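One structure is given here, and the rest of the page talks about it.
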Amino acid sequence: MNACKMRRIKLLTATVAAVVAYDSESPVLCDADMNLFCPPSTSCCPTFKSKMEAEVIVGYSCLMSWSTRYPQGPCCPHFEEDDDTTASTSWGGGTGCAAGYECASSSPDYIPSFLRQQSEQFDGSGRRNSHTVTENYCRIDPTAQPVDNQGRPINNEYETMPRYRACESFTRDSVDVYGLPIPFSASSKGTKNDLKEHYVGQLAYYSNMGQLAADDRVNSDITTAIVGVHGSGRDAGTYLCALTAVVADISKDQIFPTKNQRRPLPKDVLVVAPWFMAPEDNAPSSSSLPYIQWDDQYPIPHTFRYGAESKPDVKHNMTISSFAAMDVLLEHLCGRKHFPNLSRVVLVGHSAGGQFVQRWALSSSSWCFGGGQFASRWAKTDLPHVRVVVANPRSFAYLDNRRYFISEQAAGAVDYGISPAENDGTLTPFDKYQFRPPSASEEDGCKEFNRYEWGLDENEKVPAPYVINNVQKLIDHGDNSDLFCRYASRDIVYLSGQRDVETLGSQICGKGREDGYQGPSRRERSERFFAALQLRGGEVEFCRRETKQVHGRHVVKNVGHDHALIFQSPEGIQAIFGYELQTEVASQPSSQTQNS
């Protein structure tokens, strides 16, 4: 707990309302006397001294919502006496609910089904579930009439949901936006001969450890770095909050399957949340380099997610791909100048951020992954291990022109509707589908289906020179085996929210073709892409991979399209920190239905 001045207030209700209203740009002030703030797009939740002293505030935590379009819900009462003072860190943290829900606790007479499922999920491991510390959850508030930040009604579909894990509040200087200088040499127009002191600009980011690029800074405690990539809302501050809450949680909870695994402490884990700014954003003032920005509308929305070039800098007319900027950030960490004991880097993205990390992991040629043209420079064992976690993306970049199509025999027998969100199995009936290129008529109906960003064919409407340059050099006369083997060799985990089953509109090709035949919902698109990887992996025998399975995939129980709940779930924690969880492999089509 921060050593901060106690302040007395009147506790009016059992469920504490959010203290400060939504603010999309500047940090949220919790208490000026205590110098405590929360990141933008979060709200302040008080921690009280005790139930007997419920008028004494001793600190704050920060509550996020699932989207910048939605306000935060209620803070749940949190008392200092409830925290585990025997843990290595005294921070216990608060919890809260989404707008339209209220804080609730289970009893022997009533335990919500999702709590029972999560309690049984790691049976025998001795772990404590992050959502069931005291069997707390959120239930829909029948008296609430929640509205979003534009005043439109919020339609909550589920009676119960997990609580958010709030993060510890920050001092003012520790919630600043920092900048990482991006050199000319990283630009598609740059060369290796460009001087290091010449920069395109700086990549904005938040960090739980302050400025990354300070020349004289060395932190020998850091062993793990987590880089969280925001979605289309560009709410990097909420990603910092959600992930630092995970770090605090894992440092205290018994979540490891064996006694030989050491729990990382908060001081061991660096959290970085890059902010891919758009011109619409209110960029912080900078006395040095300007902050780099990416267009949010042209040629398609949220261009950072597919590796687009930035807006040119005024002085030199130079641009940088968002993927190249990520390479610079990754290599800054891998170089170990500032973090000599760093052994693991995890890049995790949700929604548009999930699209970002999937396409970046496919196209990046960074030396931090090891091998390739840089094999002589770095031995693989000398590099931090890199893991990529792809959560709830709207679409994927496929590696070839095959997709899943309903077979002619089953055309009249398959229900195109989505299975209920309570179903944690496979939504696609693979035994009734064929994995094949589209027919001539199907391709005529969706000529863009395999153009980038949905495939890897060049797309004049979505220019991405970084991707084309890095991908094409690994494709030999149409054979993408080298590209596939490189992608398959990387440590990647896909996360899908069990409730992320909304039927999406099509960004290309029109109704019924689902963004280039990828599937109706995010969850189904994830399972189809993952199944496609397994089929392609069976065809490419010379990849020399240690396992036949390509990557891993988990369905996150009782969670929808929500980055905080995804990251803070048991499946999210396992994916981020690398401990084994039984992988849910999508059902495979039979051999006769793989190709036409």
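Determine by what factor the alpha-carbon radius of gyration of the range 240-368 differs from 2.2 N^0.38 Å, reporting the quotient. Rg over 2.2 N^0.38 Å, computed on Cα atoms: 1.24. Taking label positions 7 Å along the Cα-Cβ direction at both SER343 and ASP221, the computed distance is 1.8 nm, reported to one decimal.
A simple spin-label model places pseudo-atoms 7 Å from Cα toward Cβ; at ARG69 and SER441 they are separated by 3.6 nm. Here the spin labels are modelled as points 7 Å beyond Cα on the Cα-Cβ line, and at VAL314 and ASP482 they lie 4.3 nm apart. Quick one: which residues, 5+ away or cross-chain, put their amide H under 5 Å from the amide H of GLY96? H built at 1.01 Å from N. Here the answer is CYS76, TYR164, ALA166, since their amide H atoms fall under 5 Å of that of GLY96.
Rounded to whole numbers, the Karplus 3J(HN,Hα) couplings from phi for the range 267-277 are 5, 8, 10, 8, 10, 10, 10, x, 10, 7, 5 Hz, using 6.51 cos²θ - 1.76 cosθ + 1.60 with θ = phi - 60°, and x at Gly and Pro. R0 = 25 Å: FRET efficiency of ASP268 with ARG172, Cβ-based, nearest 0.05? So the FRET efficiency works out to roughly 0.50. Full extension of the segment from MET52 to GLU539, taken as 0.36 nm per residue of separation minus the current Cα-Cα distance, would add 168.7 nm.
The numbers here are math on the coordinates, done by the rules we state, and not lab data. Computed from a predicted model, the values in this text were never measured in an experiment. Please note: Cβ atoms are built from the backbone with ideal geometry, for glycine as well, and neighbour counts cover all protein chains shown.
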